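K.L.:
If you scroll down you'll find the structure; I have some questions about it.
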Amino acid sequence: MTGIPLFTGPHVELAVSPDRAVEAVRDAFVRHARGEWTMPSKVYVPAYPQGDFRAMPALGGGHALLKWVTSFPGNPEQGLPTVTGLVLLSDATNGMLRAVLDAAAVTALRTGAAAVLAAETVGRPDAETAAVVGAGVNGRAAARTFLARGREVAIWDVNEQRARHVAAELGCRVAAGREDALAADLVVTVTPGRDVLFEEDDLRPGQHASLMGADGPGKAEIAAGELARVRVFCDDWEQASHNGDLGHAVDAGLVDREAVTELGAVLAGEAAGRSSAEEATVFDSTGLAIQDLAIALAALERADEIPDLPLLQL
Ligand SMILES: NC(=O)c1ccc[n+]([C@@H]2O[C@H](COP(=O)([O-])OP(=O)(O)OC[C@H]3O[C@@H](n4cnc5c(N)ncnc54)[C@H](O)[C@@H]3O)[C@@H](O)[C@H]2O)c1
């Protein structure tokens, strides 16, 4: 192959199945927990009130990655995506660029993968029902991942038409309503984080929620008091404690480092997961560059098999 493969959104989806994404993201969390993959802090470049830019670097698997990506929650009203940008993957032995990928597709795959991986890891093993709240780009990805893992899923969105559209496309059910969706054994929330979905005492014993939407300042999908009541897992303490749901609870002095377990530590066998069938669990995600690295490497592995992959000549 001469040139640098450019994976557009459809090329990323063709190269990496949701199932492969879960395995790749699991491996990334474990390697990060063991210190083999590293990740300098995500840099937020605020452009509020409209949104923000994020620069997300990572190093691992012989490669370095930078994701330059946006979150502009009001964009869909103008027919524009909330999340857009590029991922650059370079060889860490000589600095040469190896691949360029569509950031929205990489983000969706790894976000869906992390949400479902967390539900599978700390949710109850006998969980029966699953639901996704928020049927946007990343909610669709979470529903697609649940289905790929052989689990039925219901989807719900304040925008009914969007939920119906995603359900028809993926072949899943639209939840009977907000309460129905939020009552599932495994809930994934992927909303812009403008409304709290779980108030204090809402999570019932044994229930699990992967909270994916509130990944930046000012956003929340769960009340801080509820985080203080349930067992909390997160993707990365440094990142999650400064933003979104966990950030509010930490700022209010309701949750501290000792109360929170990183998912990678559980997957690496270094920390305990769910402690009882009755424990209510949440996974607070802000999204990690190591997850993006996992997907970019999985895509690059398959570059030779993807038809009509554009090649950049720099
Ligand atoms: N944790 C992560 O790794 C991660 C990754 C990507 C995106 N995000 C965040 O997830 C959120 C959603 O991203 P997206 O790209 O899917 O956005 P999107 O705009 O494509 O979709 C958001 C959806 O949520 C729906 N919604 C809004 N308020 C709701 C509510 N109260 N209840 C139910 N549905 C509601 C909207 O109608 C829309 O369909 C954003 O805040 C984004 O920053 C987090």
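Any read-out appearing in this document is the output of simple, stated calculations on the displayed coordinates, not a laboratory observation. Just so you know, these numbers come straight off a predicted model, no measurement behind them. Ideal geometry is used to build each Cβ from the backbone, glycine not excepted, and the neighbour counts take in all protein chains shown.
K.L.:
Of the residues T107, T121, which single one is touching a residue at least 60 places away in the same chain (Cβ under 8 Å), in a helix (DSSP H, G or I), near the ligand (Cβ under 10 Å from one of its atoms) and out of contact with any Pro (no Cβ under 9 Å at 6 or more places or on another chain)?
P.N.:
Result of the check over T107, T121: T107.
K.L.:
When residues of the range 1-50 are filtered for being of a type in the set (G, A, S) and crowded, with 19+ Cβ neighbours inside 10 Å, how many remain?
P.N.:
Total meeting the criteria: 5.
K.L.:
Quick test for you: out of G225, G273, G287, pick the one residue that is buried (at least 17 other Cβ atoms within 10 Å of the Cβ) and farther than 24 Å from L65 by Cα.
P.N.:
That would be G273, the only listed residue that is buried (at least 17 other Cβ atoms within 10 Å of the Cβ) and farther than 24 Å from L65 by Cα.
K.L.:
Okay, moving on. Residue by residue through the range 266-283, note down the ones that are charged (D, E, K, R) and either under 12 Å from R124 (Cα atoms) or not in a loop (DSSP other than H, G, I, E, B) (or both).
P.N.:
Answer for the range 266-283, where residues must be charged (D, E, K, R) and either under 12 Å from R124 (Cα atoms) or not in a loop (DSSP other than H, G, I, E, B) (or both): R274, E278, E279.
K.L.:
Let me ask something else. If I go through the range 127-179 residue by residue, how many of them are away from the ligand (no atom under 11 Å from the Cβ), of a type in the set (D, E) and not in a loop (DSSP other than H, G, I, E, B)?
P.N.:
Number satisfying all stated conditions: 2.
K.L.:
Can you find a residue that is of a type in the set (K, R) and closer than 30 Å to A28 by Cα anywhere in the range 178-192?
P.N.:
no
K.L.:
Specify the residue that is nearest to H208 (Cα to Cα); the eligible residues are those in the range 155-195 that are surrounded by fewer than 16 Cβ atoms within 10 Å (Cβ to Cβ) and in contact (Cβ under 8 Å) with a residue 40 or more places away in the chain.
P.N.:
D180
K.L.:
Looking at the range 196-208, can you tell me whether even one residue there is over 17 Å from R31 (Cβ atoms), small (G, A, S) and in contact with a Leu (Cβ under 9 Å, 6 or more places away or on another chain)?
P.N.:
no
K.L.:
Also, I was wondering about something else. Which of the numbered conditions does V266 fail, given that it passes all the others? Conditions: (1) under 18 Å from A119 (Cβ atoms); (2) within 15 Å of the ligand (Cβ to nearest atom); (3) among the aliphatic types (A, V, I, L, M).
P.N.:
Single failed check for V266: (2).
K.L.:
Now for a separate question. I'd like to verify a number: residues in the range 195-229 that are assigned to a loop (DSSP other than H, G, I, E, B), over 18 Å from D251 (Cβ atoms) and touching a strand residue (DSSP E or B) at 6+ places or on another chain (Cβ under 9 Å), how many?
P.N.:
So the count comes out to 8.
K.L.:
Moving on. When the range 198-231 is examined, which residues are found to be within 16 Å of the ligand (Cβ to nearest atom) and among the polar types (S, T, N, Q)?
P.N.:
S210
K.L.:
May I ask you to verify whether G85 is farther than 26 Å from G35 by Cα, within 14 Å of the ligand (Cβ to nearest atom) and under 18 Å from the mean Cα position of the chain (by Cα)?
P.N.:
So G85 passes the test.
K.L.:
Go through (1) more than 9 Å from the ligand (Cβ to nearest atom); (2) closer than 22 Å to A21 by Cβ and name the single condition G247 misses.
P.N.:
(2) is the only condition that G247 fails.
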